[in-house]
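Take a look at the structure below.
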């Protein structure tokens with residue numbers, strides 16, 4: 001980011017183009033600021049740099065008195081946000097699990113800045129909302145979804161736990177039983193189900209999404225800013241309380257388990273677009289891998305260390321020749 005804060009910009013905001021963001025698009029127009037995660041090629045997932053840039057944009061929008069409403073969305077039409085960048089997780093965190101603790105610092109800081117921005121925030125859901133993307137959605141005050149949107153939590157199916165955000169906020173928003181259903185089954189819900197459950201405020205055709213968000217922003221603008229700010233502060237109480245009581249524990253637990261075999265297997269299978277071998281993982285967890293129906297003996301590839309069946313002549317991950 002090329003922006004350098006000055007004594008004046010700290011309290012008044014800075015021109016949006018002065019930041020030189022690489023992962024997000026940050027614009028200001030009239031009384032709104034729009035923050036777009038600009039990674040459509042990876043379904044707008046967030047890596048460390050994305051988290052840092054989001055946090056910087058939230059601080060600037062909070063300081064700029066010309067900004068009254070903040071809109072958060074994703075680039076393209078496929079995804080709003082799909083949570084953590086799994087390539088970054090696999091490349092840097094599985095190899096050195098303590099990096100997860102550093103990554104979580106950026107994640108927590110970004111969320112704290114968003115919830116304490118002091119202005120109404122709208123999640124403009126233009127595509128799929130997954131995992132940490134749903135936590136970003138819930139951290140906003142209001143949400144409008146295009147009618148093709150689906151929302152899901154995936155932690156229990158992919159080797160993570162949505163602790164601190166989804167595990168605490170989902171029950172507050174949609175109720176305990178529905179939250180358990182989303183978090184334990186990892187099944188997606190469609191936009192109209194999300195509307196019925198109270199996870200979004202409005203569902204519109206994709207062609208009407210911009211207009212619907214602009215209309216809602218205008219309604220929020222035509223309110224008293226100080227009263228709005230304190231209303232948000234009061235409304236945030238239970239989310240802030242549950243978040244502060246659990247997010248530190250989540251950070252430590254996720255760090256300790258970042259290198260666990262469940263996490264490794266889940267990330268590996270997902271990244272390679274393979275089915276996750278849940279029965280095999282259960283057997284391995286119970287120390288009974290040899291009893292897994294269809295269990296195949298494996299050998300690590302000498303080049304990339306991926307476990308491959310001993311019957312393979314070549315590695316299915318990197319193509320290297322396996323030792324006979």
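Can you say whether residue 173 is at pLDDT 95 or above, in contact with a helix residue (DSSP H, G or I) (Cβ under 9 Å, 6 or more places away or on another chain) and not in a helix (DSSP H, G or I), as far as the supplied structure shows? Write out each step before concluding.
Details: at pLDDT 95 or above: yes; in contact with a helix residue (DSSP H, G or I) (Cβ under 9 Å, 6 or more places away or on another chain): yes; not in a helix (DSSP H, G or I): no.
Criteria not met by residue 173.
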note = Going through (1) over 29 Å from the mean Cα position of the chain (by Cα); (2) at pLDDT 65 or above; (3) surrounded by 13 or more Cβ atoms within 10 Å (Cβ to Cβ) one by one, residue 313 fails only at (3)
message = Looking at 35, 71, can you tell me which residue is part of a strand (DSSP E or B) and either outside the structural domain of residue 157 (by TED's automatic domain parsing) or closer than 16 Å to residue 15 by Cα (or both)?
response = 35
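Kindly establish whether residue 92 is in a helix (DSSP H, G or I), assigned by TED's automatic domain parsing to the domain that holds residue 207 and buried (at least 22 other Cβ atoms within 10 Å of the Cβ). Please lay out each step first, then the result.
Working: in a helix (DSSP H, G or I): yes; assigned by TED's automatic domain parsing to the domain that holds residue 207: yes; buried (at least 22 other Cβ atoms within 10 Å of the Cβ): no.
No, not satisfied.
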query = Since residue 151 meets every condition but one in (1) within 15 Å of the chain's Cα centre (by Cα); (2) modelled with pLDDT of 95 or more; (3) in a loop (DSSP other than H, G, I, E, B), which condition does it not meet?
reply = (3)
key: Among the candidates 77, 68, 160, residue that is out of contact with any strand residue (DSSP E or B) (no Cβ under 6 Å at 6 or more places or on another chain), farther than 28 Å from residue 248 by Cβ and buried (at least 19 other Cβ atoms within 10 Å of the Cβ)   = 68
Hits in the range 180-189 - residues which are surrounded by fewer than 22 Cβ atoms within 10 Å (Cβ to Cβ) and part of a helix (DSSP H, G or I) = 180, 181, 183, 184, 185
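Taking the options 82, 27, 6, 50, name whichever one is surrounded by fewer than 23 Cβ atoms within 10 Å (Cβ to Cβ) and either under 27 Å from residue 102 (Cα atoms) or modelled with pLDDT under 95 (or both).
6
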note = Of the residues in the range 200-217, those that are surrounded by 19 or more Cβ atoms within 10 Å (Cβ to Cβ) and in a strand (DSSP E or B) come to 203
ask   = What is the number of the single condition among (1) more than 17 Å from the chain's Cα centre (by Cα); (2) closer than 28 Å to residue 269 by Cβ that residue 172 does not meet?
value = (2)
query = So which residues in the range 190-199 are outside any helix (DSSP H, G or I) and either buried (at least 22 other Cβ atoms within 10 Å of the Cβ) or in contact with a helix residue (DSSP H, G or I) (Cβ under 8 Å, 6 or more places away or on another chain) (or both), if there are any at all?
reply = 198, 199
key: Inter-residue pairs, beta-carbon under 6 Å, first in the same structural domain as residue 171 (by TED's automatic domain parsing) and in a helix (DSSP H, G or I) and in the range 224-239, second surrounded by 13 or more Cβ atoms within 10 Å (Cβ to Cβ) and modelled with pLDDT of 95 or more, 6+ apart   = 229/118; 238/172; 239/169
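Can you spot a residue in the range 112-122 that is part of a helix (DSSP H, G or I), within 22 Å of residue 42 (Cβ to Cβ), touching a residue at least 24 places away in the same chain (Cβ under 8 Å) and within 11 Å of the chain's Cα centre (by Cα)?
Within the range 112-122, the subset part of a helix (DSSP H, G or I) is 112-115.
When the remaining residues are screened for being within 22 Å of residue 42 (Cβ to Cβ), the result is 114.
When the remaining residues are screened for being touching a residue at least 24 places away in the same chain (Cβ under 8 Å), the result is 114.
Now narrow it down to the ones that are within 11 Å of the chain's Cα centre (by Cα): none.
Scanning the range 112-122, I find no residue that is part of a helix (DSSP H, G or I), within 22 Å of residue 42 (Cβ to Cβ), touching a residue at least 24 places away in the same chain (Cβ under 8 Å) and within 11 Å of the chain's Cα centre (by Cα), so the answer is no.
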Residue under evaluation residue 179, criteria (1) touching a helix residue (DSSP H, G or I) at 6+ places or on another chain (Cβ under 8 Å); (2) touching a residue at least 40 places away in the same chain (Cβ under 8 Å); (3) within 30 Å of residue 259 (Cβ to Cβ), criterion not met = (2)
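The values are calculated or read from the model by the stated rules, or taken from the named source; none is laboratory data. Please read all numbers here as calculations on a predicted model, not as lab measurements. Methodologically, a virtual Cβ is constructed for each residue, glycine included, from the backbone with ideal geometry; neighbour enumeration extends over all protein chains shown.
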